[in-house]
Amino acid sequence: MDHAIALSLSEEDQRKGKAIDTGHHLDEDEQLARALQENTGHDLDEDEQLARALQESMNDGPPRQEIPIEDVHSESAPASGLPSNIFPTSGLRVCAGCKSPIGRGRFLSCMDSVWHPECFRCYACDRPISEYEFAVHENHAYHRPCYKECFHPKCDVCSSFIPTNKNGLIEYQAHPFWMQKYCPSHENDGTPRCCSCERMEPKDSQYITLDDGRRLCLECLHTAIMETNECQPLYIDIQEFYEGMNMKVEQQVPLLLVERQALNEAMEAEKSVHHLPETRGLCLSEEQIVRTILKRPIIGPGNRIIDMITGPHKLIRRCEVTAILILYGLPRLLTGSILAHEMMHAFLRLKGYRTLSPEVEEGICQVLAHLWLESEITSGSGSMAATSDASSSSSSTSSSSKKGAKTEFEKRLGEFFKYQIETDSSVAYGDGFRAGMRAVERYGLRSTLDHIKMTGSFPY
């Protein structure tokens, strides 16, 4: 190419009357040097510009190397040769950044375009990319650190970049509903989880610690029910929910909010109950003394619950059900779903249903809990029939008995509790619910209950 350029320049000089000694035989290097020296003061046509750009570009060092997204974290060497498509076959080169001609001087060939060095900029920080390696995302160039800041996932618990595993791949855990991403190490390092929504405690937040060691996030605390009187308006809501489905429970069954220890003791005193590994509600049939929460506790130093006041409550057997116990400190929608579940246990016993298998009894109770949650989420507010006397017995600072539209988080929380019921993997609670829901959707609730009463099983 150098030889061809020199011959072209020599012929042009002869046409313009320049005195070039053609009688001497010059080698290729001498011809090129003389041609370039004698044409310094004259305008260069496009071929000459191309030749000079070629010479300058070859002295500018290696071109930029585009790093695929999946290789951003690898250490790869810069490219050593110029791509064959950096020079257009005709016309002036135009910068893809400022849309101006490149002209003479240095230029970059990246992403199938040419650029002024100062025009090839990071899409995130808008500073020029001077490194030989960069990342591309959706046809935008990034500095490698900027790409990592923008797209490398961060842990929602410790806020650090989630580390790569031994194979160089990003590996993290994620909650199946909330999609909270976190480092795998947090599964075993004692990071607390909310006992209601199951989300892990972020480092920039401090969960409430209940007296039994459970942790409660601040969003769930907002509607948490903390003592027995505070729960009575919700109890009335659920009684009216049952009555609206022609399933009224005439007997006055006491509802008590209790601590975990009292709940476990009451469960042991019952002769036969089905329960989850962590029981949060019970429908009792035996006479016993239960300690219930009489006064709403307060939050003390270190975000710990203090000043819990409890008192004994003697259960008297006036019917097949002596009381319903619910674990304190849970948000309104979770407390309500547990209460709707236990109310169904009471309904089955009080209406003379035969002894049912765990799958059928727990399954239909979960169906009622799911139906109540659905009605709450759909309506956006609970029943408005709670009396002012019942409302006045609750704490004025509690939001568990407040009426009106729910917050977006509370609606999302209700969806999570439905999700928990729907995806339960246990035979009694999970398989039982799914069999019961299929029957209710096909035959209706009343026909399903009639079939259970006659046969002890779900209709198919």
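Working from label points 7 Å from Cα in the Cα-to-Cβ sense, the Trp178 to Lys248 distance is 4.2 nm. When restricted to Cα atoms, the stretch 108-151 yields an Rg and a Dmax of 9.6, 27 Å, respectively. The convex hull defined by the C-alpha atoms of the stretch 209-294 has an orientation-averaged projected area of 7.1 nm². Report, in listed order, any pair from Lys314/Lys411; Lys181/Lys411; Lys148/Lys181; Lys148/Lys203 with a Cα-Cα distance greater than 25 Å. The pairs that break the limit, which is 25 Å between Cα atoms, are Lys314/Lys411. Each part reduced to its alpha carbon centroid, the stretch 145-211 and the stretch 405-460 end up 32 Å apart. Residues whose amide H lies under 5 Å from that of Ala141, counting only those 5 or more places away or on a different chain, are Tyr123; hydrogens are built 1.01 Å from N in the peptide plane.
Accessible area per residue for the stretch 108-151, computed on protein heavy atoms with a 1.4 Å probe, is 54 Å².
A 1.4 Å probe run over the protein chains yields, for the stretch 299-383, 34 Å² of accessible area per residue, whole-number rounding.
The convex hull of the Cα atoms of the stretch 170-222, projected and averaged over all directions, covers 4.2 nm². Calculated from the alpha-carbon coordinates, the stretch 132-177 shows an Rg and a Dmax of 12.7, 42 Å respectively.
Could you tell me which trypsin sites (Lys or Arg not before Pro) in the stretch 280-327 are loop residues by DSSP with no more than 15 other beta carbons within 10 angstrom of their beta carbon?
On the way: sites: Arg280, Arg291, Lys295, Arg304, Lys314, Arg317, Arg318; in loops: Arg280, Arg317, Arg318.
Sites meeting the loop and neighbour criteria: Arg317, Arg318.
Going 7 Å from the Cα of Phe161 in the Cα-to-Cβ direction, what parts of the stretch 129-150 have a backbone nitrogen less than 12 Å from that spot? Output list for this probe position: 144-150. The slack in the chain from Asp450 to Asn264, taken as 0.36 nm per residue of separation less the alpha-carbon distance, amounts to 63.6 nm.
Using a probe radius of 1.4 angstrom, the carbon and sulfur fraction of the accessible surface of the stretch 170-222 is 45%. Peptides 352-363, 121-132, ordered by how many other C-beta atoms sit within 10 Å of their residues on average, highest first, read 352-363, 121-132.
Would you please give the FRET efficiency between Phe409 and Lys99, computed as 1/(1 + (r/R0)^6) with r the Cβ-Cβ distance and R0 = 45 Å, to the nearest 0.05?
Numbers: r = 48 Å, r/R0 = 1.06.
My answer for the efficiency is 0.40.
Protection proxy ranking for 412-422, 180-190, using the average of other Cβ atoms within 10 Å per residue and placing the highest first: 412-422, 180-190.
The values are calculated or read from the model by the stated rules, or taken from the named source; none is laboratory data. Predicted, not measured: the structure shown is a model, and the values here were computed from it. As a convention, Cβ positions derive from the backbone with ideal geometry for all residues, glycine included, and neighbour counts pool all protein chains shown. These accessible areas exclude ligands, DNA and RNA; they are computed on the full protein's heavy atoms, side chains included. Shrake-Rupley method; radii C 1.70, N 1.55, O 1.52, S 1.80 Å.
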